[in-house]
1. Can you give me the number of residues within segment 127-151 that are modelled with pLDDT under 95 and either assigned to a helix (DSSP H, G or I) or surrounded by 15 or more Cβ atoms within 10 Å (Cβ to Cβ) (or both)?
2. Taking segment 152-180 as the region of interest, how many residues are outside any helix (DSSP H, G or I), within 20 Å of residue 41 (Cβ to Cβ) and touching a residue at least 60 places away in the same chain (Cβ under 8 Å)?
3. Mind checking which residues of segment 86-116 are without any contact (Cβ under 8 Å) to a residue 60 or more places away in the chain, crowded, with 16+ Cβ neighbours inside 10 Å and within 17 Å of residue 10 (Cβ to Cβ)?
4. Give the number of residues within segment 8-58 that are in contact (Cβ under 8 Å) with a residue 40 or more places away in the chain, in a loop (DSSP other than H, G, I, E, B) and under 19 Å from residue 69 (Cα atoms).
5. Collect the residues in segment 81-120 that are at pLDDT 95 or above and not in a helix (DSSP H, G or I), keeping them in residue-number order.
């Protein structure tokens with residue numbers, strides 16, 4: 001059996017720092033972000049399914065979110081202001097990203113690739129799952145901004161405002177439900193979270 005470096009590569013997500021152009025009170029790596037995004041994506045899909053009757057698979061959403069930035073083990077994390085500076089740069093980076101996804105898929109044993117293809121290649125992902133993962137990715141960034149600004153870090157004020165505006169524009173029932181239900185808790189400290197007085201009715 002041929003040896004595969006796939007898990008060794010994905011393990012390196014924890015070495016890739018996010019928000020590299022910003023001052024951080026606590027640094028975040030791609031592995032941490034991916035886990036948080038997977039939890040959020042799973043919950044968004046559960047909300048879609050349970051509250052709004054959507055035919056969506058929460059476990060598939062979680063798996064797709066776990067791998068959504070895995071190609072960055074080859075490309076690194078390009079900061080958002082650079083990635084979306086102009087259409088040419090964005091288009092070229094998308095090509096690089098797609099090539100990196102293919103490269104990572106090819107590190108798997110051949111018999112495993114068909115099962116993992118849809119999770120590793122963004123273009124192969126079901127559009128509904130892709131939308132949920134995109135929302136979850138944005139929410140994860142929003143949470144990072146909330147936590148940083150709550151710690152007194154003004155570097156994240158502009159990013160927090162822009163991401164909040166983005167989420168407001170996307171307004172969908174499940175997304176709105178998630179934000180109303182879960183985001184407010186990030187503005188309270190641990191003692192307040194654990195007390196009955198700190199819970200919303």
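1. Final tally of qualifying residues: 1.
2. Residues in segment 152-180 being outside any helix (DSSP H, G or I), within 20 Å of residue 41 (Cβ to Cβ) and touching a residue at least 60 places away in the same chain (Cβ under 8 Å): 0 in total.
3. Those that are without any contact (Cβ under 8 Å) to a residue 60 or more places away in the chain, crowded, with 16+ Cβ neighbours inside 10 Å and within 17 Å of residue 10 (Cβ to Cβ): 97, 100, 101, 105, 116.
4. Total meeting the criteria: 6.
5. 106, 107, 108, 109 - these are the residues of segment 81-120 that are at pLDDT 95 or above and not in a helix (DSSP H, G or I).
The values are calculated or read from the model by the stated rules, or taken from the named source; none is laboratory data. Just so it is clear, the structure is predicted and the values come from calculations on it, not from any experiment. Here Cβ is always computed from backbone atoms with ideal geometry, including for glycine, and neighbour counts include all displayed protein chains.
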